[in-house]
Amino acid sequence: MEVKLWNDKREREMYDNLAELFAIIKATEKLEKAYVRDIISAAEYETECQKLIAQFKTLSSTLRDTVPNIERFHDTYKMDCPAALNRLVTSGVPATVEHRAAAAMSSVSSAAVVAECVQNFITAMDSLKLNMIAVDQVYPLLSDLSSSLNKLSILPVDFEGKTKMREWLSRLSKMGAADELTEQQARQLHFDLESSYNSFMASLPTDGS
């Protein structure tokens, strides 16, 4: 005896859609694994992934009354497709797009820190030229510069500017707030700042690198 899953055309369409949803989730899981294992190129992956995401969005919208919760659908049918759930439900964009966005954000963040470092270098050097040589005037400027240099991940730990600023901060911390740098100390600090600034600018990647 033949058992029908549906009683009318609407029910048949619903079951077809459920089967299609199941197939999209499974296909996405396979695609994610293929990309991670470098079986397909990034370009191929992105094209196929965008198609699957678009199909998923259309289908999940159509089935929102029947399948209000995709995770529950996934668990009910014991699909074991965590990568597909992450891509389709949580992320909603291909991994390649996520990576580009992260790289762009990192680039913007680094550019802001570079600008901050440059400003702190210039402020510290200009202050010495204006004879602002008291410890309570110099220390905050060098502290800000040291802090901004430490934020920049492209600089090595032993970068000249970081090392010299630490040495100067250690020296100043042993002096009183109202104490002033001698003329020789001020000249040496300005020289160290200028030398560190030049090294800093030389260490920055160029557009072609």
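The values are calculated or read from the model by the stated rules, or taken from the named source; none is laboratory data. These numbers come from a predicted model, not from an experiment. Glycine also receives a Cβ, built like all others from the backbone with ideal geometry; neighbour counts cover every protein chain displayed. Just so you know, the surface numbers come from the protein's heavy atoms only, side chains and all, with ligands and any DNA or RNA stripped out. Shrake-Rupley method; radii C 1.70, N 1.55, O 1.52, S 1.80 Å.
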**OP:** Could you check, for segment 132-149, whether at least one of its residues is in a loop (DSSP other than H, G, I, E, B) and in contact (Cβ under 8 Å) with a residue 40 or more places away in the chain?
**Re:** yes
**OP:** Tell me which residues, restricted to segment 152-193, are of a type outside the set (A, V, I, L, M), open to solvent by 90 Å² or more (accessible area, probe 1.4 Å) and not in a helix (DSSP H, G or I).
**Re:** 153, 158, 174, 180
Subject >> Single condition residue 40 does not satisfy, out of (1) without any contact (Cβ under 8 Å) to a residue 24 or more places away in the chain; (2) of a type in the set (Val, Ile, Thr); (3) open to solvent by 70 Å² or more (accessible area, probe 1.4 Å) >> reply: (3)
Original post:
If residue 80 passes every condition in (1) of a type outside the set (A, V, I, L, M, F, W, C); (2) assigned to a helix (DSSP H, G or I); (3) over 21 Å from residue 14 (Cβ atoms) but one, which one does it miss?
Top reply: (2)
**OP:** Output the number of residues of segment 111-131 satisfying the condition of being of a type in the set (S, T, N, Q), assigned to a helix (DSSP H, G or I) and open to solvent by 40 Å² or more (accessible area, probe 1.4 Å).
**Re:** 2
**OP:** Mind listing just one residue for me: the one in segment 30-66 that is among the small types (Gly, Ala, Ser) and within 16 Å of residue 97 (Cβ to Cβ) and, of those, nearest to the chain's Cα centre (by Cα)?
**Re:** 42
